[in-house]
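See structure below.
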Amino acid sequence: MKYLEVVNLNKYQHYSDRPITWIKWYVKSLNDFKFCQLKDNERWIFIGVIMLAMMNNNSVPYVSSYIQERCCYIAPKGRKCTYIVSEVLVKLIKLNLIMVKLSM
């Protein structure tokens, strides 16, 4: 099975000695070139993937329907949610914000 891993996940973690209940997000992210390449819906999906990664030791199942369900993403009328999430995941991979890894 394939999994997604957030590149540099530690920059979104506030602490690591207890259960994660929140992520930190810096204002400087608005000047990050890769983040600025994302549309609004893509940014929210990316943030959702970050939160899923925090909860799962940076190992999110690469299943679009699972990510769509967990991130509560609602597609514009006439488009399937999983199709849009799949497109966004591919874009996040191309921008090297997330990467694919195989299970061991």
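The values are calculated or read from the model by the stated rules, or taken from the named source; none is laboratory data. The structure displayed is predicted, hence computed values, not measured ones. Because the Cβ atoms are built from the backbone with ideal geometry, glycine has one as well, and the counts that use them run over all protein chains shown. To get the accessible areas, we keep the full protein, side chains included, count just its heavy atoms, and leave off ligands, DNA and RNA. Shrake-Rupley method; radii C 1.70, N 1.55, O 1.52, S 1.80 Å.
What to note about this one:
- When residues in segment 81-104 are screened for being of a type in the set (K, R) and within 11 Å of Y62 (Cα to Cα), 1 of them pass.
- Of the residues N58, N8, the single one that is modelled with pLDDT of 80 or more, touching a strand residue (DSSP E or B) at 6+ places or on another chain (Cβ under 6 Å), among the polar types (S, T, N, Q) and at positive phi is N58.
- All told, L4 falls short of being open to solvent by less than 90 Å² (accessible area, probe 1.4 Å), in a loop (DSSP other than H, G, I, E, B) and either of a type in the set (S, T, Y) or out of contact with any His (no Cβ under 8 Å at 6 or more places or on another chain) (or both).
- Unique match (being open to solvent by 60 Å² or more (accessible area, probe 1.4 Å), modelled with pLDDT under 85 and over 16 Å from V100 (Cα atoms)) among K39, K77: K77
- Filtering K34, K2 for residues that are touching a residue at least 12 places away in the same chain (Cβ under 8 Å), touching a strand residue (DSSP E or B) at 6+ places or on another chain (Cβ under 8 Å) and closer than 23 Å to V85 by Cα leaves a single hit, K2.
- Set side by side, the residues M99, M51 differ, and just one is assigned to a strand (DSSP E or B), at pLDDT 80 or above and surrounded by 11 or more Cβ atoms within 10 Å (Cβ to Cβ), which is M99.
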